[in-house]
Structure formats: structure tokens, C-alpha cells
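What follows is a single structure, written as C-alpha cells, with notes after it.
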Amino acid sequence: MNRRGLFFFLSVLALMSFATGLVTAQTRPAKQDAAPDKPFAEHFIALQLSDSDPKKERLVLSVASNLLKAYGPDKVAVEVVTFGPGIDLLRDTNEHRALVDSLVVQGVRFSVCGNTLDTIERETGKRPALNPHAVEVQVGVGHLLDLTERGFTIVRP
């Protein structure tokens, strides 16, 4: 291969590397976009809860607490997403209410499925009273998908 051919080959290779980097940067979510309320977070975890078992509830809260201890509240974004029977964790009268409130103060977000709330309201005639820190999302599983697309890892303890 002569010099001119080598130069052309290297130029094309450099251009392809640059273009690949641009495509990768555009498809991967920016860390700041993953959790805008946690600008210094390096880790993004969503904990899924779809069971109303008090042991399972306690386990999810324990995992969230342990993540905060391991990485520090500024370095990890944790969101607990509840749907189906799992919304019991966020009922106003839940036995773990103090733990939920403590984790909220440390930056953990708690989401509750609006579809589940609508179903309960249709069946019982009233919407359940929830912890005021619970953030209603339209579809719990859909919210998990959104979080995954924003760079979160879904964990189901």
C-alpha cells in the first residue's frame, strides 16, 4: 500500500471512530438526565415491589438503606416503584411508614402505580390513603421501563 492509500485508509478509520462515538453518545442517556434531582449520582437503582408481604417490604427498604450506606446518598439514586399489591408499602397506615419517611429524607423516591389506585377505587368506591411522600405515576411497570431507558438498573428483591 502506498502512502496515499494508507493516508486514505487511516482517514476513513478515524472518521468511522468519530461517527461511532457520536451515535453512542446520542443513544446512551446522560447521567444528569437519569436522575435530575441527584446531579452527582453515579449509580441508578430502581427497586420493584409488587408483593404486599411485610417481609418483602422490609427487604426492599433494607436494600435501599444499604445502598445509601454503601455509596452515600449523593452518589446513588434509588427509586422504589410499587404496583399491584406492592402499593401496600405506601399506604398511610403501613407498619413501615417511619422507615419510608426516613428514606425519603435521605433522597429515596417512592412511586405508586396510578392504575392500581384506580382499580382499588373502582372496586371499593374510594381511593386508598397514601403516604404523602408517594409519587403517583400513571403505570408502574411502564415507569420501570422509563427508568431503564434512563440508565437505571431494575432490582426485584
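If the Cβ limit is 6 Å and pairs must be 6+ apart or interchain, which residue in segment 107-125 that is assigned by TED's automatic domain parsing to the domain that holds L89 pairs with which residue that is surrounded by fewer than 19 Cβ atoms within 10 Å (Cβ to Cβ) and in a strand (DSSP E or B)?
S111/V135; V112/E136; G114/E136
What's the total number of residues in segment 60-96 that are closer than 22 Å to D37 by Cβ and of a type in the set (D, E, K, R)?
Summing the residues that are closer than 22 Å to D37 by Cβ and of a type in the set (D, E, K, R) in segment 60-96 gives 4.
How many of the residues making up segment 36-60 are out of contact with any His (no Cβ under 7 Å at 6 or more places or on another chain) and either touching a residue at least 40 places away in the same chain (Cβ under 8 Å) or crowded, with 16+ Cβ neighbours inside 10 Å (or both)?
If we filter segment 36-60 for residues that are out of contact with any His (no Cβ under 7 Å at 6 or more places or on another chain), which is where we start, we get 36-56, 59-60.
Filter again for either touching a residue at least 40 places away in the same chain (Cβ under 8 Å) or crowded, with 16+ Cβ neighbours inside 10 Å (or both), leaving 37-38, 41, 43-52, 54, 56, 59-60.
Count: 17.
Looking at segment 89-102, is at least one residue closer than 16 Å to R156 by Cβ and either charged (D, E, K, R) or crowded, with 20+ Cβ neighbours inside 10 Å (or both)? Show your work before the answer.
Going through segment 89-102, the residues closer than 16 Å to R156 by Cβ turn out to be 89.
After this cut, where a residue has to be either charged (D, E, K, R) or crowded, with 20+ Cβ neighbours inside 10 Å (or both) as well, the list is 89.
There is at least one residue in segment 89-102 that is closer than 16 Å to R156 by Cβ and either charged (D, E, K, R) or crowded, with 20+ Cβ neighbours inside 10 Å (or both).
Which one of V104, V80, V63 is outside any helix (DSSP H, G or I), in contact (Cβ under 8 Å) with a residue 12 or more places away in the chain and touching a strand residue (DSSP E or B) at 6+ places or on another chain (Cβ under 9 Å)? Quick ask: steps written out before the conclusion?
On the way: V104 fails: outside any helix (DSSP H, G or I); V63 fails: outside any helix (DSSP H, G or I).
Of V104, V80, V63, the one residue that is outside any helix (DSSP H, G or I), in contact (Cβ under 8 Å) with a residue 12 or more places away in the chain and touching a strand residue (DSSP E or B) at 6+ places or on another chain (Cβ under 9 Å) is V80.
Would a scan of segment 116-124 turn up a residue that is among the polar types (S, T, N, Q), farther than 18 Å from S50 by Cα and either at pLDDT below 95 or out of contact with any Ser or Thr (no Cβ under 6 Å at 6 or more places or on another chain) (or both)? Spell out the reasoning first.
First, the residues of segment 116-124 that are among the polar types (S, T, N, Q): 116, 119, 124.
With the extra rule that they be farther than 18 Å from S50 by Cα, the set shrinks to 124.
If we keep only those that are either at pLDDT below 95 or out of contact with any Ser or Thr (no Cβ under 6 Å at 6 or more places or on another chain) (or both) too, we end up with 124.
Within segment 116-124, one or more residues are among the polar types (S, T, N, Q), farther than 18 Å from S50 by Cα and either at pLDDT below 95 or out of contact with any Ser or Thr (no Cβ under 6 Å at 6 or more places or on another chain) (or both).
The values are calculated or read from the model by the stated rules, or taken from the named source; none is laboratory data. The structure presented is a predicted model; accordingly, all values stated were derived computationally and were not measured. Here Cβ is always computed from backbone atoms with ideal geometry, including for glycine, and neighbour counts include all displayed protein chains.
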